[in-house]
Each structure stands twice: as structure tokens, then as C-alpha cells.
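Each remark here refers to the structure printed beneath this line.
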Amino acid sequence: MAKKLFVTGTGTDVGKTYVTGLILKKLHQSGETAAYYKAAMSGNDRGPDGTLYPGDALRVKELSGIPQPVEEMCPYVYEQAVSPHLAARWEGRPVQAEVVYAGFARLCAAYSWVTMEGSGGILCPIRLEEPPIWLPDLVQGLGLGCLLVAEAGLGTINQVGLTAAYLHRRGIPLQGIVLNRFQPGNPMHEDNRALCELVSGARVVACVPEGAAALDCTVEELKALYG
Ligand SMILES: Nc1ncnc2c1ncn2[C@@H]1O[C@H](COP(=O)(O)OP(=O)(O)OP(=O)(O)O)[C@@H](O)[C@H]1O
Ligand SMILES: C[C@H](N)[C@H](N)CCCCCC(=O)O
Ligand SMILES: [Mg+2]
């Protein structure tokens, strides 16, 4: 039975992909079979022949060294750098929940540790046409708990507190927090660490400096986040 985790963020560009890459690197280096998944990826580049490349999936592979084929990593890849619901509408390829669930189930049958990254923050629209799908619907449908990635700097207390409150309202377990772009010794970043724990009730499991090649926690601490 695979262990599963959803990686959300306080918003887009906070470092979900970067942190997920480092998580999978630690799992992979400890000899575990680890897989990456993202339901809907918008904002991707085309190659000279028109092929659309799934940017986050390629980045996770590069950061972690996992051998998982990129074709398994994301059922819906869009070019436009807008919310997935809008990219899907513009590109004429609406997300179907059953396709997302089937891709995830295949990974759970083949790997021991399956990590799914969100798009944007937790309140992200995936499809607004009938039947509408919001990201937390998929997280709940898959029965996942989540790890929250946040920036270490100014503004994070409010963002972490609001995200934690929303997750609580939706009944989605918050298993831990990772502070990204953390500056060790910066008194505000150190204080934010304590305040994020206070406003969320969850533990900060790792603090990731700019350019970090590894997480400052053990693989056992990471495994404890999965359910
Ligand atoms: N700790 C870090 N050190 C160096 N670069 C980082 C770090 N964290 C994030 N980045 C870079 O910042 C950019 C945004 O990060 P990332 O792609 O991980 O965000 P995201 O939350 O996954 O965004 P999205 O919502 O698009 O999935 C990327 O270019 C990434 O490589
Ligand atoms: C294109 C971008 N990098 C992300 N992949 C999608 C972010 C969706 C954010 C939606 C929102 O909260 O406004
Ligand atoms: Mg990402």
C-alpha cells in the first residue's frame, strides 16, 4: 500500500516544485521508490517541434534523480501561464476527475511513496464548467493529508494562518510546514518559524535556504508526513 502526501503552498511560485524535488531526492537516496504527480500543470514551454514539456515534472526529476517516466507525472499539461481552469478552457482540454484519480491510482500500485503537488495555493480552480472541480475536491477525493510550503519572509504568518484555517474547514489534515528561501540567523525568519507553528498548529519540518541541495530533516521525519 503506497504512502501518499499532497504538497500545497501559500500561493504560486512559493517553491512547491523545488521542495517536492528535495523530498523525492531524500526518499530516492534512501532506496525508496518515489513518484511525483500533479493533476493539472499550466504555464509550460513548447519545444521547436511543438511538443509541450511539463516543466514542474522535469524540474522534480532533475532535482531528485528519480527514474519515474515524465509521461506518468501529469495527465493535464497546458501552455498558458494562467490558472488551470482558464488554461484548460482556452486550450479546449477540460480536466476530468476520473482521469486524475486513475493516474494517481496507477502510481500507488507501482511506487511506495507518492507525492502530489498542487497548482497555485489550495483554493485553486481546476474546472468551472459542469461538474466543477476545485483543487481541495481532488485532495479530499484522494484522501490526502498535506504539507504546506510557504516563503520564510514578511507576509507569511497571515498566509500560513489563512491556508491552515481553510484546510481545517475542509477537513484536510495539515501534516507540516516547510519554510522556503529561509535565511538562517535572520531574526524575522526565525520568529516566523515559531509564528507559523502558532497560527497553524502544525510543525515546521524543514527550512530551505536559497539554492539548497538537501532538506535539513531526516527521511524518517519526511515519511511521518505521509498517510
Ligand atoms: N530554495 C530555492 N532555491 C533556489 N531556487 C528556488 C528555491 N525555491 C524556489 N526556487 C525557484 O523559484 C521558482 C518558483 O519555484 P517553484 O517552481 O518551486 O514554485 P511553485 O510553488 O511550484 O509554483 P507553481 O504554482 O507554478 O507550481 C522556480 O524557478 C524555482 O526553481
Ligand atoms: C501558471 C502558474 N505558475 C501556476 N502553475 C498556476 C497558478 C494558479 C493560481 C490561481 C490563483 O490563485 O489565482
Ligand atoms: Mg510547481
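Where strands (runs of 3 or more DSSP E) fall entirely within the stretch 113-227, those with at least 3 residues that are of a type outside the set (S, T, N, Q) and within 21 Å of residue 21 (Cβ to Cβ) are at 113-117, 146-151, 174-180, 204-208.
Output yes when any residue across the stretch 21-28 is part of a helix (DSSP H, G or I) and either within 13 Å of ligand 2 (Cβ to nearest atom) or among the charged types (D, E, K, R) (or both), and no when none is. Before the answer, list the steps.
Going through the stretch 21-28, the residues part of a helix (DSSP H, G or I) turn out to be 21-28.
Of the ones still in play, those that are also either within 13 Å of ligand 2 (Cβ to nearest atom) or among the charged types (D, E, K, R) (or both) are 25-26.
The answer is yes; a qualifying residue exists.
If the condition is being among the aliphatic types (A, V, I, L, M), crowded, with 17+ Cβ neighbours inside 10 Å and more than 23 Å from residue 128 (Cα to Cα), then the stretch 31-55 contributes 34, 35. For the stretch 32-78, the set of residues classified as among the hydrophobic types (A, V, I, L, M, F, W, C), in contact with a strand residue (DSSP E or B) (Cβ under 8 Å, 6 or more places away or on another chain) and either part of a loop (DSSP other than H, G, I, E, B) or more than 16 Å from ligand 2 (Cβ to nearest atom) (or both) consists of 34, 35, 39, 66, 73, 74, listed by residue number. Please work out if residue 132 is under 20 Å from residue 14 (Cβ atoms), within 16 Å of ligand 2 (Cβ to nearest atom) and without any contact (Cβ under 8 Å) to a residue 40 or more places away in the chain. No; evaluated as a whole, the condition is false for this residue.
Those residues that are surrounded by 14 or more Cβ atoms within 10 Å (Cβ to Cβ) and more than 11 Å from ligand 2 (Cβ to nearest atom), I need them from the stretch 79-92; list them, please. Within the stretch 79-92, 88, 89, 91 meet the criteria.
Being on the phi > 0 side of the Ramachandran plot and within 16 Å of ligand 1 (Cβ to nearest atom): is that true of residue 155 here?
The answer is yes for residue 155.
Checked across the stretch 156-173, the condition of being closer than 30 Å to residue 108 by Cβ, of a type in the set (Lys, Arg) and in contact with a Pro (Cβ under 7 Å, 6 or more places away or on another chain) holds for at least one residue.
Tell me yes or no: at least one residue of the stretch 220-227 is in contact (Cβ under 8 Å) with a residue 12 or more places away in the chain, among the aromatic types (Phe, Trp, Tyr), buried (at least 16 other Cβ atoms within 10 Å of the Cβ) and more than 20 Å from residue 6 (Cβ to Cβ). The answer is no; no qualifying residue exists. Restricting attention to the stretch 79-112, the residues that are in contact with a Ser or Thr (Cβ under 9 Å, 6 or more places away or on another chain), closer than 28 Å to residue 3 by Cα and in a helix (DSSP H, G or I) total 2. Considering only residues in the stretch 11-51 that are more than 9 Å from ligand 1 (Cβ to nearest atom) and within 11 Å of the chain's Cα centre (by Cα), the one that is farthest from residue 208 (Cα to Cα) turns out to be 39.
Within the stretch 83-90, one or more residues are under 24 Å from residue 21 (Cα atoms) and within 16 Å of ligand 3 (Cβ to nearest atom).
FYI, it's all coordinate maths here, none of it is from the lab. Keep in mind that this is a model prediction, so the values were computed, not measured. Neighbour counts run over all protein chains shown; Cβ positions are idealised from the backbone, glycine included.
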